[in-house]
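The values are calculated or read from the model by the stated rules, or taken from the named source; none is laboratory data. A quick note: this is a predicted structure, and the numbers were derived from the prediction, not measured. Please note: Cβ atoms are built from the backbone with ideal geometry, for glycine as well, and neighbour counts cover all protein chains shown. Note: accessible area is taken over every heavy atom of the protein model, side chains too, but ligands, DNA and RNA are not part of it. Shrake-Rupley method; radii C 1.70, N 1.55, O 1.52, S 1.80 Å.
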Amino acid sequence: MTRLLGSLLLVAAAGAFTVGAAPAQKAEPVPLDRVIPAPSSVDPGGSPYRITPGTRIRVDGSREARGVGDYLAGVLRPSTGYRLPVTSHGDGGIRLRLAKGPYGDEGYRLDSGRSGVTITAAKPAGLFHGVQTLRQLLPAAVEKKTAQPGPWLVAGGTVKDTPRYGWRGAMLDVSRHFFTVDEVKGYIDRLALYKLNKLHLHLSDDQGWRIAIDSWPRLATYGGSTEVGGGPGGYYTKADYQEIVRYAASRHLEVVPEIDMPGHTNAALASYAELNCDGVAPPLYTGTSVGFSSLCVDKDLTYDFVDDVVRELAALTPGRYLHIGGDEAHSTPHEDYVKFMDRVQPIVAKYGKTVVGWHQLTGAVPAKGALAQYWGLDGTSAAEKAQVAQAAQNGTGLIISPADRTYLDMKYTKDTELGLSWAGYVEVQRSYDWDPGAYLPGVPASAVRGVEAPLWAETLSEPDQLEYMAFPRLPGVAELGWSPAATHDWDTYKVRLAGQAPRWEALGIDYYRSPQVPWTN
């Protein structure tokens, strides 16, 4: 363990110079197996590659590969101070190569040696994920925005890597507190570093409606005019939302928009009186209680409203999925809830999207192909778990998001100033040390589509607060989604996690220094 931690210290200090009479320490590259998420296989050996002023980033002739090359150059140029031209000519250097092979849609192979580094993938997403591994194999100072001394070494050997699950997501609640387009982009960059591929945006709730809908304009202008605590709120124009979608796609994340219904709808009900069963609009809401609002299930106008919202949102969303919420509908009788979901799910299909809902959707009849997002706790009732398991056995895919494991807004300990604790305290080991494929009894492993880490914003209003609650837990959830189950081991993971801290500091990420992690800086 001492030798391992010493190696991490050398990595963090790569490029630094000693002073006085002590001789300079030899820089050592980051070992190939020290990255997060853990790769499928690692075969170390041979000489490292050194990035120099003469290094080129070589890509094939495709627009997609050039886009990944430009992204990589944008990461490396400020810290190295090198030109790093992106070109389709020359030999050696860093090569990004699209080719047929056993990589799937997101896998890659990274080969490193004295003459260069080659990342090979079948699809652009695989190249992009390989670039994230390359970033972590370089000294943490590579993330800085000013020139650093280097040296820039990449360990020799081969990494072969494909993800365990196709759904590796993070949810951001922009309804309880509103976050600007640039703030969402910043969070996207954090997700991309750990190979996540879904950004679930919680766009509506009791406290705020955050997306412009032309056919119901007061949803945004009035329903979006506040937030928890009574702040100014805000909303995304259609152009804003499309910019978020575009930026996420440039980082190979698919945006999954959520309009929560039939509950969590006070912002909509306050905006249009006619959506209420009694025709009376409630006041805007700035508290944090849940379960008190409901769309009027028996009104035809309700389904005209849902149709308009889904139609406009689907047209803005190139991804496959649309999340319809469905949780905590305590004010909607069960028979009404079933009736509502029976009418709403076909609307989603009509506009070419696949339904995603919180796991309460399994209390109705999930549409064919629908996904249910399980957010229960270890203490969730056996009957509720059995209901979810039965749906999974009948073909409903599951996204696993246990609140007492993956909810990033849960306090780390009783002393954490931010966050909530209704699901308990969630320290770093608890958020990592479980298996999504075996979490729910009676659920076939084939039904698990992946994992997601939700970040609810009742107590969070600034980007640094999001980061503090996400780090260091988010990388662990990302590893659960990507890495083979056989690599799962807390004792080795916590050492790799500690090695990420200098990188977070170089990136300006605020993080919680958990006493469970052997930090080396």
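Tabulated data
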{"quantity": "Sites residue 89 and residue 28, calculated FRET efficiency, Cβ-Cβ separation with R0 45 Å, nearest 0.05", "calculated": "0.90"}
{"quantity": "Efficiency of FRET between residue 433 and residue 368 - r from beta-carbon atoms, R0 35 angstrom, step 0.05", "calculated": "0.50"}
{"quantity": "Stretch gain in nm, segment residue 50-residue 421, where the contour uses 0.36 nm per residue and the Cα spacing is subtracted", "calculated": "128.8 nm"}
{"quantity": "Linear extension gain, residue 462 paired with residue 146, 0.36 nm per residue minus alpha-carbon span", "calculated": "111.2 nm"}
{"quantity": "Long-range amide H partners of residue 256 with built H, under 5 Å", "calculated": "199, 200, 201"}
{"quantity": "Per residue, in Å², the accessible surface of region 333-414 once ligands and nucleic acids are set aside, probe 1.4 Å", "calculated": "37"}
{"quantity": "Zone of residue 290's modelled label, taken as backbone nitrogen in region 164-191 under 18 Å from a point 7 Å along Cα→Cβ", "calculated": "170-178"}
{"quantity": "For peptides 439-445, 262-268, sequence by mean Cβ density within 10 Å, most packed first", "calculated": "262-268, 439-445"}
{"quantity": "Label-to-label distance, nm, for residues given as residue 350 and residue 300 (7 Å Cα→Cβ offset)", "calculated": "1.3"}
{"quantity": "Estimated FRET transfer efficiency (residue 342, residue 278; beta-carbon r; R0 22 Å; 0.05)", "calculated": "0.40"}
{"quantity": "Highest average packing first - 209-219, 231-241, Cβ atoms within 10 Å", "calculated": "209-219, 231-241"}
{"quantity": "In sequence order, calculated HN-Hα J values of region 267-272 (Karplus, 6.51, -1.76, 1.60; Hz; x Gly/Pro)", "calculated": "4, 6, 5, 6, 7, 9"}
{"quantity": "Protein accessible area in the chain, 1.4 Å probe - carbon and sulfur %", "calculated": "52"}
{"quantity": "Surface per residue (accessible, 1.4 Å probe) for region 455-521, Å²", "calculated": "30"}
{"quantity": "Over the chain: helical MRE at 222 nm, DSSP H runs n ≥ 4 each giving -39500 (n - 2.57), nearest 500", "calculated": "-9500 deg cm²/dmol"}
